[in-house]
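Here is the structure we will look at, set down as structure tokens.
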Amino acid sequence: MQGSFDDILKAVTSGAPASHRVPVYEHFVDDEIIEQIMSYDFTAVNKNITTFSEMAVADKDLDVYLDYWKKKLNFYRELGYGFLPVEFPPLFPQPYRISADDDSLYSRGKREWVNEKEGIIRSLTDLDDPRYWPDSDHIFDYRLFEAIARLLPVDMKIIGGFAGGPMEHAMYLLGMERFFLAVHDNRDLIERLFQKLRTIFVGIAERLARIDAVGIMRIGDDLGNNQSTFISPSLLRKYIFPIYTELVEISHRAGKPFILHSCGNLENVMSELIDVCRFDAKHSFQDNIIPITEVKRKWGARIALLGGVDVDSLARSSPARIKDQATRILKVCSAGGGYAFGSGNTITNYIPVANYLAMLEAAREFNGDY
């Protein structure tokens, strides 16, 4: 399946691809899946790739990481993606983490997640402590990002930017419990934290938008759970949406569209994400909130949509059922353009490879790639 960045660009800007094909899109594919398909071994990079993604790479390790990214580039090219997804987080202090054995189908040994109870930032004083806030040149691993950009062939681009947005990093830095308590009774801390985050994110966006190999900007920032947004729409308008709006404006001035990847039930704020923040495309959908076909009916004329094959289905259905589901989604969502096909979130290491490949096979058949 031949991937074309021009097709994904056209889809993200709500048009029908010039070739009349539906392009494929993934936020990313877990390394364990890539290893299974390509017979790669990424253990030389790190036993826990998550650590790599959150820390600046040392000079002595740069060649190892670039070899890792060359392999990832080859994977995305071979499987028909016209782009390489690359996103790094700002280099804030590491959040407190908890871990457990990873019992996924393709285990990475340990699975980590952020401790919900405690964060590194505890008071207004911490917001002025330089230990927690690297200067603008060291808040992001620009050197590695730019080195990866130089690896790309002329017919591919990066889709990427930020791993985690202002909402996620505010919760990481404070801890989720402290964040929600502060929203209720310590607004000074919340307001100053978001002011600081806005300055940091804007600075990173201005630099990344100038990289020629970055074709589409993207931010991943989960805003809600299955029932609602984490905080009220009025607070999102006050703290989060102004940051999004500025980031999108920076990208648009550089002639590049901007994708929002965000999990949760965002129905009450979709119109503002489209009309105020002016995102060009939305990703992350799950059937138990709203199926992608229904999203297409409600908002498909106003914003491009990406993905939509439910991750729970990908993890637990058969390849035949995945192909049937994928074909139905392709038929509905491709109408009128403004759509790229893929999973509702990411290809995780608990999705059987056969199911992932069946999803891609449905796209090949739909596009007539034989």
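Throughout, read-outs are computed from the coordinates displayed, never taken from laboratory work. The structure presented is a predicted model; accordingly, all values stated were derived computationally and were not measured. FYI the Cβ positions are ideal-geometry reconstructions off the backbone, even for glycines, and counts take in every protein chain you see.
List of remarks:
- Here residue 325 fulfils each of the conditions (1) without any contact (Cβ under 8 Å) to a residue 24 or more places away in the chain; (2) in contact with a strand residue (DSSP E or B) (Cβ under 7 Å, 6 or more places away or on another chain); (3) closer than 30 Å to residue 234 by Cβ apart from (3).
- Every residue from region 143-176 that is among the small types (Gly, Ala, Ser), in contact with a Lys or Arg (Cβ under 8 Å, 6 or more places away or on another chain) and either within 16 Å of residue 193 (Cα to Cα) or in a loop (DSSP other than H, G, I, E, B) (or both): 175
- Residues considered: 92, 179, 140. Of these, the only one that is touching a helix residue (DSSP H, G or I) at 6+ places or on another chain (Cβ under 7 Å), in a helix (DSSP H, G or I) and closer than 25 Å to residue 262 by Cβ is 179.
- Looking across region 129-152 at every residue that is surrounded by fewer than 16 Cβ atoms within 10 Å (Cβ to Cβ) and under 12 Å from residue 208 (Cα atoms), the one that is nearest to the chain's Cα centre (by Cα) is identified as 146.
- A Cβ distance below 6 Å, combined with a sequence gap of six or more or placement on separate chains, defines the contacts here; from region 261-276, residues that are farther than 19 Å from residue 340 by Cα reach residues that are surrounded by fewer than 18 Cβ atoms within 10 Å (Cβ to Cβ) and hydroxyl-bearing (Ser, Thr, Tyr) in the pairs 265/228.
- The set of residues in region 238-256 that are farther than 22 Å from residue 158 by Cβ, touching a helix residue (DSSP H, G or I) at 6+ places or on another chain (Cβ under 7 Å) and of a type outside the set (A, V, I, L, M, F, W, C) contains only 239.
- Filter result for the condition that a residue is of a type in the set (Phe, Trp, Tyr), buried (at least 17 other Cβ atoms within 10 Å of the Cβ) and more than 19 Å from the chain's Cα centre (by Cα), over 96, 106, 81: 106
- Taking the numbered list (1) part of a helix (DSSP H, G or I); (2) charged (D, E, K, R); (3) surrounded by 15 or more Cβ atoms within 10 Å (Cβ to Cβ) in turn, residue 297 passes all entries but (3).
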